[in-house]
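Here's the structure, in structure tokens; my notes come after.
The values are calculated or read from the model by the stated rules, or taken from the named source; none is laboratory data. As the structure is a prediction and not an experimental result, all values here were calculated from the model. No Cβ is skipped: glycine too gets one built from the backbone with ideal geometry, and neighbour counts run over all protein chains shown.
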Amino acid sequence: MKILILGNGGREYSIARAILNEKESHELFFMPGNGATSSLGTNLNIKDYGELAEFAKKSGVELTIVGPEGPLVDGVVDIFKSHGLTIFGPSKEAARLEGSKVYMKNFLAKYNIPTARYIETSSIEDAFRFAEKLSTPIVVKADGLCGGKGVIIAQTHDEAKIAISEMLSGKSFGDAGRKVVVEEFLDGYELSMFAVCDGDDYILLPAAQDHKRLLDNDQGPNTGGMGAYAPTPLVDYELYQKVRERIIRPTLDGMKKEGAPFEGVLFIGIMVVNGEPITLEFNVRFGDPECEILMPLMTSSVSDMFYKAATNRLGEIKVEFSKEFAVGVVMASADYPYKSSTPAEIIVDNVHHEDIEKYTHISYAGVSMIDGKLYADGGRVLVCVGIGSTIKEARDRAYMRCGQVHFAGKKLRTDIAYQAL
Ligand code: AMP
Ligand code: GLY
């Protein structure tokens, strides 16, 4: 099958890698892809979605998979569908579950799906008044997309008021902050769950844990994610059932009632508080680096799952997962997440070791190819993935692989999966 993948991260690289490992042969296109996806297929440079859809039609692309939220929120799925193309991802309307925190919170409230107590408002007085009533810490969120930076956990009431004022005035996030959500802080442990949905049915993938802070022991600034592992032993059958019954099923039914059936990846950010799953947020795409560790755990066809989901036929297939564990460790550039770093050549040692060759691989993200050499040129540069029959084995293997990768300024956490060990 000819498949087009939108995006340029490690997430898209890992989807491509899983597809190329299938029994059937496939031809891949990336828009825009990165310096390493060019070795897996053809990188394109067609920014206009209408033109891209024309290209897909002309080239016989049978399936398009959208990685990041940007194109989804911009309506790429609607445009491709209007050209009669098969594309996996939510419509512009359904993507509002991620594109607007106000929409998401109001949706959760309307359908009685558990979430933190909140107010959504553009009035500074109302926001202040609600914040006053909460005990600290207080969570303040900008309504729109802010590249993962739009959530402030304020330690004092004054800090919360500053965050509210700066958002509502447009100072911190421009128009994305003209409305805010103020909510209670939930104290528990966090999970990432992913449901691949076709509007009616869904496949729930093994639960993962991300590591959002830059430094070991969850210190330092928030990032897009510095590492992940799955499945996590922190979720038992009962918790999966609660997530299915209280969150995913009512979300799919609710979105249908809203006239925006949800097709695509529903990424549920969950806080488990006293054994109960509470919805922190929805994203409408795979997490990164969660995708990099979930793809290698799938033993049935990944492209078929996406194809069936995009054609409302998920009920026809059985998706299977390996019994193993996967751990992914992100290697980031020197100045991540503050600013971009000078491109640095990436050297991967050529040491032969059976464990490393069989049970580890690299998913490339922020890299460019110059004269046949790979350079680190983005914030999160790559993810070293280890597979094992225990989390510890998978983690040790991932770190063995990290030890073989070198570039100036490389940065990584040394405690990925600590909550499970
Ligand atoms: P979000 O972009 O909504 O996922 O928020 C980013 C991060 O902020 C989450 O992954 C949580 O770690 C944290 N967070 C968001 N909302 C809350 C909350 N109500 N209570 C505690 N932590 C939160
Ligand atoms: N790793 C979290 C995210 O992709 O948003």
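Within the stretch 69-78, being touching a Gly at 6+ places or on another chain (Cβ under 6 Å) and surrounded by fewer than 22 Cβ atoms within 10 Å (Cβ to Cβ) holds for one residue alone: V73. Considering only residues that are within 13 Å of ligand 1 (Cβ to nearest atom) and assigned to a strand (DSSP E or B), which ones fall in the stretch 278-298? Once the filter is applied, which keeps residues that are within 13 Å of ligand 1 (Cβ to nearest atom) and assigned to a strand (DSSP E or B), the stretch 278-298 yields I278, T279, L280, E281, F282, N283.
Candidates in the stretch 107-122 are the residues that are touching a Lys or Arg at 6+ places or on another chain (Cβ under 9 Å) and among the small types (G, A, S); of these, the one that is farthest from E93 (Cα to Cα) is A116. Just one of the listed residues (K110, K141, K149) is buried (at least 17 other Cβ atoms within 10 Å of the Cβ), basic (K, R), touching a residue at least 12 places away in the same chain (Cβ under 8 Å) and more than 21 Å from K2 (Cβ to Cβ), namely K141.
Cβ-Cβ contacts under 7 Å between residues 6 or more apart (or on different chains), taken from a first residue in the stretch 282-294 that is closer than 18 Å to M104 by Cα to a second residue that is among the polar types (S, T, N, Q) and within 8 Å of ligand 2 (Cβ to nearest atom), are listed as G287/S192. For the stretch 325-345, the criterion of being modelled with pLDDT of 95 or more and among the basic types (K, R) is satisfied by no residue at all.
Under the condition of being within 23 Å of the chain's Cα centre (by Cα) and over 17 Å from L266 (Cα atoms), the residues counted in the stretch 77-95 number 4.
For the structure I just gave you, tell me whether G227 is within 24 Å of G148 (Cα to Cα) and surrounded by fewer than 15 Cβ atoms within 10 Å (Cβ to Cβ). Answer is no for this residue. Take the conditions modelled with pLDDT of 95 or more and buried (at least 17 other Cβ atoms within 10 Å of the Cβ) and apply them to P233. Does it pass? In short, no.
Here K92 passes the criteria (1) touching a residue at least 24 places away in the same chain (Cβ under 8 Å); (2) more than 16 Å from ligand 2 (Cβ to nearest atom); (3) of a type in the set (D, E, K, R); (4) surrounded by fewer than 20 Cβ atoms within 10 Å (Cβ to Cβ) except the one numbered (1). Exactly one residue among L297, L266, L239 is farther than 27 Å from Y338 by Cα, within 16 Å of ligand 2 (Cβ to nearest atom) and either of a type outside the set (V, I, T) or surrounded by 23 or more Cβ atoms within 10 Å (Cβ to Cβ) (or both), and that residue is L266.
The residues of the stretch 404-417 that are surrounded by 16 or more Cβ atoms within 10 Å (Cβ to Cβ) and closer than 19 Å to G225 by Cβ, listed by number, are V405, K410, K411, L412, R413, D415, I416, A417. Hey, does the stretch 231-240 have a residue that's closer than 23 Å to S363 by Cα and either within 20 Å of the chain's Cα centre (by Cα) or among the basic types (K, R) (or both)? Yes, the stretch 231-240 contains at least one residue that is closer than 23 Å to S363 by Cα and either within 20 Å of the chain's Cα centre (by Cα) or among the basic types (K, R) (or both).
For A309, indicate whether it is under 18 Å from G9 (Cα atoms), touching a residue at least 60 places away in the same chain (Cβ under 8 Å) and of a type in the set (A, V, I, L, M, F, W, C). So A309 fails the test.
Scanning the stretch 124-151 for residues that are within 12 Å of ligand 1 (Cβ to nearest atom), aliphatic (A, V, I, L, M) and under 21 Å from D175 (Cα atoms) yields V139, V140, A142, L145, V151.
So, in the stretch 187-202, exactly how many residues are closer than 25 Å to S135 by Cα and surrounded by fewer than 19 Cβ atoms within 10 Å (Cβ to Cβ)? Break it down into steps so the answer makes sense when it comes.
Residues of the stretch 187-202 closer than 25 Å to S135 by Cα: 187-191.
Right, trim to surrounded by fewer than 19 Cβ atoms within 10 Å (Cβ to Cβ) and you get 187-190.
Adding up the residues that qualify gives 4.
Does the stretch 242-251 contain at least one residue that is within 12 Å of ligand 2 (Cβ to nearest atom) and of a type in the set (A, V, I, L, M)? Looking through the stretch 242-251, none of the residues is within 12 Å of ligand 2 (Cβ to nearest atom) and of a type in the set (A, V, I, L, M).
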